[in-house]
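Presented below is the structure to which this report refers.
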Amino acid sequence: MPVVWTESGRLELGGVDLERLARDPEVGTPTYVYDLSAMVQEVGRLRAAFESAPHLVAYAVKANSAGPVVRALAGAGCGADVVSGAELDLALQCGVPPERILFSGVAKRDDEIDQALHVGVDGIGAIQVESIEELARVSARAKGGGRRARISLRVNPEASVEALGTHSHIATGHDEAKFGIPRDDVAAALELALADRHICLAGLSAHIGSQLTRTSAYLEAAQMLFELAEGLQGRPGSELKFVDTGGGFGIDYGDGCDASPARFVRETRLLMRQAGALGLAHYVEPGRSLVAAHAVLLATTIQHKATPYRPDAPLSLARRRWLMIDAGMNDLLRPALYQARHRVTELTRQPGERIPYRVVGPVCESSDDFGVHELPVAPPAHVAILDAGAYGYTMSSRYNGRALPAELFIDGGDVVMVRKRSEPREWVDDRLAAERR
Ligand code: LLP
């Protein structure tokens with residue numbers, strides 16, 4: 001939540017007054033506001049946990065793919081974890097060197113594999129191979145293109161969903177998940193990779209899920225990778241350079257998060273030392289933890305609505321109040337998709353009584369609902385939805401004919417860049433764009 005309240009009760013992000021932004025007719029709402037300097041500092045804290053050991057923080061671009069964000073993180077020394085040819089292209093254009101790019105995903109198309117193989121002198125850092133079937137496809141594309149594919153095998157540690165302790169939709173390292181090479185197939189995949197002269201087995205990786213608030217399952221998955229790495233020592237054909245223990249470090253959305261990203265790294269490095277694997281570089285793939293807390297989504301109150309008081313009803317239903325804002329599930333999907341809770345607050349503190357409002361958007365879906373929040377009795381003109389920097393704009397849509405939200409970028413206490421809101425007219429044009437053939 002790195003927004004701060006000033007002494008005079010104004011909400012600031014990165015030293016910029018949010019009420020002033022929301023009231024500025026040139027800005028308007030809904031608008032995402034990001035603090036680039038704080039994101040860069042987040043990278044610094046995480047990288048410090050590696051001390052002087054060889055490492056790579058491959059930022060998961062899917063969390064927030066805005067050019068200024070990816071450029072800032074690349075400038076802080078991050079690589080990129082990408083999941084499509086377009087994300088790969090974006091990372092390169094934002095200055096991420098090809099050798100610091102990892103390409104994940106269960107179903108990469110042939111043209112995307114080719115793109116990864118032919119970038120730069122000898123392709124990207126590693127294609128993360130997620131199945132034996134994909135290994136054969138990557139090998140064939142490399143052979144056909146006269147390249148040797150540098151790969152990492154992504155292993156599925158098959159932890160139980162309960163052990164992962166996160167929402168089932170964002171748990172990936174369990175035995176029913178489509179992600180990664182199932183445990184029982186790992187030995188066979190390793191043999192195939194070692195024997196294939198079009199494949200360079202450079203890494204082993206795992207990513208067990210997102211918004212992890214404790215380290216235990218992450219460490220178990222890392223341990224599995226270290227054991228596999230040990231088994232590869234001295235094997236002909238093994239060119240192992242790194243172990244990638246994945247992303248998924250959780251943040252505090254208001255219910256607490258004991259484990260900091262740096263703690264995930266420090267505890268993993270301890271295991272790595274015990275396993276005698278310190279000769280390998282240590283890669284991680286965080287997305288959310290670098291960007292989520294350093295952003296808000298600003299919205300304007302359109303109206304409120306209250307039911308008449310019913311003395312006979314249970315207390316919670318005696319009087320219902322909704323605060324209807326101009327940001328909806330199309331702008332920030334997480335509450336609707338994962339029952340995620342983001343704090344909602346006014347931008348200028350109002351003294352006096354606060355009452356519960358159910359904050360909802362304008363989209364015609366019951367799940368367009370940001371939950372119940374204590375707000376001043378007289379509803380504020382604008383609100384901020386906190387911790388909105390990850391999986392916010394990247395998951396937005398134009399559902400219901402809505403515009404895509406604007407994005408503002410703060411650096412060193414000033415708004416330095418703006419990406420304008422799309423025009424409703426663009427949606428109309430798009431929906432009318434089909435041509436007779
Ligand atoms: N690496 C891989 C292979 C991934 O699939 C992901 C996220 C990450 C790294 C980064 O995970 P992070 O550090 O951001 O947790 N939309 C969901 C989260 C989906 C995560 C998908 N994969 C949400 O809003 O919670």
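Okay, here's what the table says:
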| read-out | value |
| --- | --- |
| Net charge over other residues, Cβ less than 14 angstrom from the Cβ of Arg320 (K, R count +1; D, E count -1) | +4 |
| Residues with amide H under 5 Å from that of His382, placed H, sequence gap 5 or more | Thr301, Leu347 |
| Alpha-carbon gyration tensor eigenvalues x 5, square-rooted, for the chain, Å | 42, 24, 21 |
| Sulfur and carbon atoms: percent of accessible area, segment 1-132 [1.4 Å] | 51 percent |
| Percent breakdown of C-alpha pair distances by 5 Å bin, ordered from the shortest bin, for segment 247-352 | 2, 8, 12, 14, 14, 12, 10, 8, 6, 4, 4, 3, 1, 1, 0 |
| Whole-number accessible area per residue in Å² for the chain, which is evaluated in the context of all protein chains at 1.4 Å | 44 Å² |
| Over 19 Å between alpha carbons, listed pairs Lys305/Lys420; Lys108/Lys178; Lys62/Lys241 | Lys305/Lys420; Lys62/Lys241 |
| Local electrostatic count, Ala381, Cβ distance below 9 Å [Lys/Arg +1, Asp/Glu -1] | -1 |
| Förster radius 51 Å - calculated FRET efficiency between His167 and Arg10 (Cβ-Cβ, nearest 0.05) | 0.90 |
| Amide H contacts under 5 Å for Arg150, placed H, 5+ residues apart | Ile127, Cys200 |
| Cα-based Kirkwood hydrodynamic radius, segment 81-239, one decimal, Å | 16.0 Å |
| Value of [θ]222 nm, deg cm²/dmol, for the chain, DSSP H segments ≥ 4, -39500 (n - 2.57) each, nearest 500 | -8000 deg cm²/dmol |
| Viscosity 1.002 mPa s, 20 °C: Kirkwood-radius Stokes-Einstein D of segment 187-232 over Cα pairs, µm²/s | 175 µm²/s |
| Local net charge near Arg137, Cβ-Cβ under 13 Å (Lys/Arg +1, Asp/Glu -1) | -4 |
| Distance from segment 230-253 to segment 112-190 (C-alpha centre basis), Å | 12 Å |
| Phi to ³J(HN,Hα) by Karplus 6.51 cos²θ - 1.76 cosθ + 1.60 over segment 67-78, Hz, x for Gly, Pro | x, x, 5, 5, 4, 5, 6, 4, x, 8, x, 6 |
| Restricting segment 47-148 to trypsin sites (Lys or Arg not before Pro) in coil, as DSSP defines it, with at most 14 other Cβ within 10 Å | Arg109 |
| Residue-by-residue Karplus 3J(HN,Hα) for segment 337-345, coefficients 6.51, -1.76, 1.60, Hz, glycine and proline x | 7, 10, 6, 6, 10, 10, 5, 10, 9 |
| Dipole in debye (nearest 20) - segment 1-101, about Cα centre, beta carbon charges: Lys, Arg +1; Asp, Glu -1 | 140 debye |
| Cα-only radius of gyration and Dmax that characterise segment 75-157, units Å | 12.0, 36 |
| Charge dipole magnitude, Cβ of K and R +1, D and E -1 - the chain, Cα centre, debye nearest 20 | 400 debye |
| Burial order of peptide ranges 377-385, 351-359 (average beta-carbon count within 10 Å, highest first) | 377-385, 351-359 |
| Peptides 420-428, 196-204 ordered by average Cβ neighbours within 10 Å, highest first | 196-204, 420-428 |
| Tail beyond 15 Å, pair distance distribution of segment 30-133 (Cα, percent) | 62 percent |
| Check: segment 75-231 dipole with +1 on Lys, Arg Cβ and -1 on Asp, Glu Cβ, in debye | 440 debye |
| Computed over segment 205-336: relative contact order in percent, which uses C-alpha pairs under 8 Å that are six or more apart | 23 percent |
| More than 25 angstrom apart: percent of Cα pairs within segment 287-437 | 37 percent |
| Glu230-Val106 pseudo-label distance in nm [points 7 Å out on the Cα-to-Cβ vector] | 3.1 nm |
| Prolate/oblate/rounded label for segment 1-42 (Cα gyration tensor, a/c 1.5) | oblate |
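The values are calculated or read from the model by the stated rules, or taken from the named source; none is laboratory data. On a predicted model such as this, the values are computed, not experimentally measured, just so you know. Here the Cβ is made from the backbone with ideal geometry for all residues, glycine too, and neighbour counts use every protein chain on show. All accessible areas refer to the heavy atoms of the entire protein, side chains included, with ligands and DNA or RNA removed. Shrake-Rupley method; radii C 1.70, N 1.55, O 1.52, S 1.80 Å.
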